[in-house]
Amino acid sequence: MVMLALWMAGCTSVGMHTRERFAHDYGPPMQLRVCVLHTDDVTPQRIDTLIAAVNKEFRSYGIDVVVPWARPWQRAGFTHERLFDDIVRREVEAPCDRLVAFVDRNAGDALWGLVMPEVLGMVDDPTHTRGYVVATRVSLNQVFTSPAKATVHEFYHLLGCPHAESMDACYTRIVALKNARLADADFVPGIDEDGAFLRTRESANRVMREALAGP
Ligand SMILES: [Zn+2]
């Protein structure tokens with residue numbers, strides 16, 4: 001399975017903002033309901049701060065991120081693959097549009113970060129509905145990419161934005177995403193790996209189950 005990861009070495013950007021940002025009509029306000037799993041060390045205040053950073057960034061698109069619930073969560077494994085595997089195997093349940101885990105780091109991760117390019121977050125490619133963000137500032141690499149920046153980056157992926165040099169394609173995608181909502185679906189569509197919209201929660205969950213099951 002392909003996943004969009006924010007690596008320290010390699011891509012760290014969904015692109016630079018351009019004047020195009022203000023050339024679109026983003027339409028009426030939209031809530032994006034992001035349900036949160038968090039490890040013990042990630043406090044509610046920390047989550048609030050990170051979500052506030054996203055809302056500041058998304059204000060110009062008329063997107064307001066709200067958190068219907070935040071539940072304590074035990075990280076599944078030591079490596080980012082194990083951790084991410086646990087998250088993508090969970091269903092996105094109503095009323096959530098997205099499921100995001102905020103993860104702390106421990107000494108083991110810091111050691112691991114010395115030998116591997118460090119992952120600061122990840123969003124699934126088959127549906128763009130699930131992800132995780134490293135929410136605490138411990139490692140050396142995060143001196144350069146703050147948890148707030150990493151959170152904003154991953155949340156752009158949750159809107160279907162790809163890695164790119166400029167944000168131009170991202171603005172267009174945000175407009176399309178807001179227009180793709182079905183009146184009776186009560187769901188902000190997921191986005192599949194080809195960019196097609198998954199307009200119901202059921203279809204987003206089904207596509208993820210199929211991606212996990214393999215070809
Ligand atoms: Zn990324």
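Since every read-out is calculated from the coordinates, none of them should be taken as a lab result. Just so it is clear, the structure is predicted and the values come from calculations on it, not from any experiment. Cβ atoms come from the backbone with ideal geometry, glycine included; neighbour counts cover every protein chain shown.
Can you list residues whose amide H is under 5 Å from ARG199's amide H, if they're 5+ apart or on another chain and H is modeled 1.01 Å from N?
none
What is the gain in length, in nm to one decimal, between ALA213 and ASP48 on full extension, counting 0.36 nm per residue of separation less the C-alpha to C-alpha distance?
Going from the current span to full extension adds 55.9 nm.
Within 10 Å of each candidate Cβ there may be at most 12 other Cβ atoms; applying that plus a DSSP loop requirement, which trypsin sites (Lys or Arg not before Pro) in the stretch 47-107 survive? Spell out each step's value before the answer.
Working: sites: LYS56, ARG59, ARG75, ARG82, ARG89, ARG90, ARG98, ARG105; in loops: ARG75, ARG89, ARG90, ARG105.
When the trypsin sites (Lys or Arg not before Pro) of the stretch 47-107 are filtered for loop state and at most 12 Cβ neighbours within 10 Å, ARG89 remain.
How long is the gain from ARG82 to VAL67 if the chain were fully straight, where each residue apart is worth 0.36 nm and the alpha carbon distance is subtracted?
Value of the extension gain: 2.9 nm.
What are the GluC sites (Glu not before Pro) within the stretch 143-215 that DSSP puts in a loop, where the Cβ has at most 13 other Cβ atoms within 10 Å?
Answer by residue number: GLU165.
Put a dot 7 Å past each Cα toward the Cβ at SER60 and ASP184; how far apart are the dots in nm?
Computed distance between label sites ASP184 and SER60 equals 3.8 nm.
Please compute the length gained on full extension between HIS17 and ASP41, using 0.36 nm multiplied by the number of residues separating them and subtracting their Cα-Cα distance.
5.4 nm
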